[in-house]
Every structure is written in structure tokens, then in C-alpha cells.
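J.: Encoded as C-alpha cells, here's the structure I'll be asking about.
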Amino acid sequence: MDPANLSPSARKEWKDYIASQGLDITALVGDLGGHGFQDRAANAAKIEKSKRILDLAMDLGTNVVTTHIGIVPDDRNGEIYAAMHEACAELSRYATAMNAYFAIETGPETAARLKGFLDGLGSNGVSVNFDPANMVMVTGDDPVQGVYTLRDYIVHTHAKDGVRLREIDPRFVYGSLGFEPMDHGKLAEQAESGDAFRELPLGEGGIDWDRYLAALRDIGYDGYLTIEREAGDDPEADIGAAVRFLRGK
């Protein structure tokens, strides 16, 4: 699925095949790792690749590419903030010109800090993939209030649930330039020694789904609720249960 490997005819074949199965693509994932756009030296190549991923998304029939950009720092005057801001401003302009979106997944920082970052980009081509569970599990943010805070930017959502068991520095979860490399073995160790958070099947975690879904309706969001299940012994059964849970709301 690398855009460089897909000719125009191959893209059309994929699009036609997916449609023949009665499926829609809600979004492509265009996460390039490496702490997102925190490293200015790596950004030129990542920006170019991200643009090509958005081109592919449009060819396949969706105008959303979900991604992580790295944790937005508190310090708006720092080098990392500036590098992220410049990269996202360029991507936002590119997406806006195509009536498309790069959608940042919530969780690494609070909704208020993310809104402040997005407000400074000058356009909404970089918007939000709202994941309520990440907010609950990592920052302790209220996803219902987060919907209202980010109401102008929500273009895609994840339907996921979980609980926060203890406070944790988000950098241990997502990594950050100059902090330490993302080490999933270490994260697993931390989980075994204390469990900072736990992803759970839909309806079994800390999200008030009635209030959360009501908030999405209130702001006029009518897009996808994309079920994401990254844990558990039987994700397939959990996804089926999640479909039934959401249909009952």
C-alpha cells in the first residue's frame, strides 16, 4: 500500500474491489513514526510522503488520513513546537486545497493544548481523529468536554474504551524527541509492574457513551465511529460486541 508502489490503474483496481465488497474506506492511516514531526531534520521527507499518502487516499475514495504528529509541547516558543507547527501548517495548506484532512489522533496531550496548536495553523486541513479512550487512559482528559473543545476540527473518530489506573507521563506512552526512544518492551514492563491504563471492550471502560455520543450529535458530527480494538484475547468477538453496543445507542 505504499503510494510509490501503486500505479493509477492499481489504485482503481483497489477502489473497485473494495466497493465490490460493499465497503467504504473511512480513512487511511499515514503514521510515519519517529515522534511525528518533532524532528525538523526529518520533516521534509515525511511531509512529502504524507502528501503522497493523502493523494492515495483521495484516489481510493476517502479524504481523511489519520496520523500522529508527536506530543504537542507546552512550550510554544521551543524548537520542537516550531518544527511541528511549520510541518503541520504546510500539510494543512495542501489538504485544504484538496478538500481533505490529515487527522491527528487525540491522546498525547489535552484537548485544550491540541486546540491551541490547531488554531495557529491558519486552516483546518490538519484536524482531529477523536479517540476518547486515549484521552481517558493517558491524559485523564474528559472526552465529552473534549468534543466541545475540538468541535471545529473533528473529522473522524475511534470507538474505543479504557480506564486510567494511575497517572503516567505521556512521553512514556508515545515517546518524544530528546526524551527517550519508544521502547515497547519497556512499556510492557511498566504495565506489568503497575498498569497505568487498560484498554477494555466498548462499554466496559471509563467513557460515558451516552453523554459522549450525545456530544458528537450536538456538535453536528455525522461521520464514522471506527471501532479500534488493540488488546484482549479475542479482538474479533470484541469488535462484534462493539457493533451491537453502538447500534443500541
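J.: From GLU105, GLU109, grab the single residue that is closer than 22 Å to ALA57 by Cβ and of a type in the set (Asp, Glu).
T.: None of the other options fit; the residue is GLU105.
J.: I've got another one for you. Return the residues of region 220-242 that are under 20 Å from the mean Cα position of the chain (by Cα) and surrounded by 13 or more Cβ atoms within 10 Å (Cβ to Cβ); say none if nothing qualifies.
T.: Those that are under 20 Å from the mean Cα position of the chain (by Cα) and surrounded by 13 or more Cβ atoms within 10 Å (Cβ to Cβ): TYR221, GLY223, TYR224, LEU225, THR226, ILE227, GLU228, ARG229, PRO235, ILE239, ALA242.
J.: Next up: Considering only residues that are part of a strand (DSSP E or B) and without any contact (Cβ under 8 Å) to a residue 40 or more places away in the chain, which ones fall in region 94-109?
T.: Listed by number, the list holds a single entry, ILE104.
J.: Within region 1-51, how many residues turn out to be of a type in the set (D, E, K, R) and in contact with a Gly (Cβ under 9 Å, 6 or more places away or on another chain)?
T.: Result for region 1-51: 5.
J.: In this structure, is ARG166 at pLDDT 95 or above, out of contact with any Pro (no Cβ under 6 Å at 6 or more places or on another chain) and surrounded by fewer than 21 Cβ atoms within 10 Å (Cβ to Cβ)?
T.: no
J.: Residues that are of a type outside the set (Gly, Ala, Ser), within 19 Å of THR67 (Cα to Cα) and out of contact with any Leu (no Cβ under 7 Å at 6 or more places or on another chain): find the strands (runs of 3 or more DSSP E) completely inside region 110-171 holding 2 or more of those.
T.: By residue number, 154-159.
J.: Pull out all pairs, ordered by first then second residue, where Cβ-Cβ is under 6 Å, the residues are six or more apart or on different chains, the first lies in region 12-32 and is touching a residue at least 40 places away in the same chain (Cβ under 8 Å), and the second is of a type in the set (Phe, Trp, Tyr) and surrounded by 14 or more Cβ atoms within 10 Å (Cβ to Cβ).
T.: Final answer for the pair search is THR26/TYR224.
J.: Residue check: is ASP74 free of Cβ contacts under 8 Å to residues at least 60 places away in the same chain, not in a helix (DSSP H, G or I) and not basic (Lys, Arg)?
T.: For ASP74, the condition - free of Cβ contacts under 8 Å to residues at least 60 places away in the same chain, not in a helix (DSSP H, G or I) and not basic (Lys, Arg) - is met.
Residues checked against (1) farther than 14 Å from VAL126 by Cα; (2) surrounded by 19 or more Cβ atoms within 10 Å (Cβ to Cβ):
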{"residue": "THR66", "(1), (2)": "no, yes"}
{"residue": "GLY70", "(1), (2)": "no, yes"}
{"residue": "ARG76", "(1), (2)": "yes, no"}
{"residue": "ILE80", "(1), (2)": "yes, yes"}
{"residue": "ALA83", "(1), (2)": "yes, yes"}
{"residue": "ALA87", "(1), (2)": "no, yes"}
{"residue": "ALA97", "(1), (2)": "no, no"}
{"residue": "THR106", "(1), (2)": "no, yes"}
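J.: When GLY248 is evaluated against the numbered criteria (1) modelled with pLDDT of 95 or more; (2) out of contact with any Phe, Trp or Tyr (no Cβ under 7 Å at 6 or more places or on another chain), which criterion, by number, is the only one it fails?
T.: All conditions are met except number (1).
The values are calculated or read from the model by the stated rules, or taken from the named source; none is laboratory data. On a predicted model such as this, the values are computed, not experimentally measured, just so you know. Cβ coordinates were reconstructed from backbone atoms using ideal geometry, including for glycine residues, and neighbour counts include every protein chain displayed.
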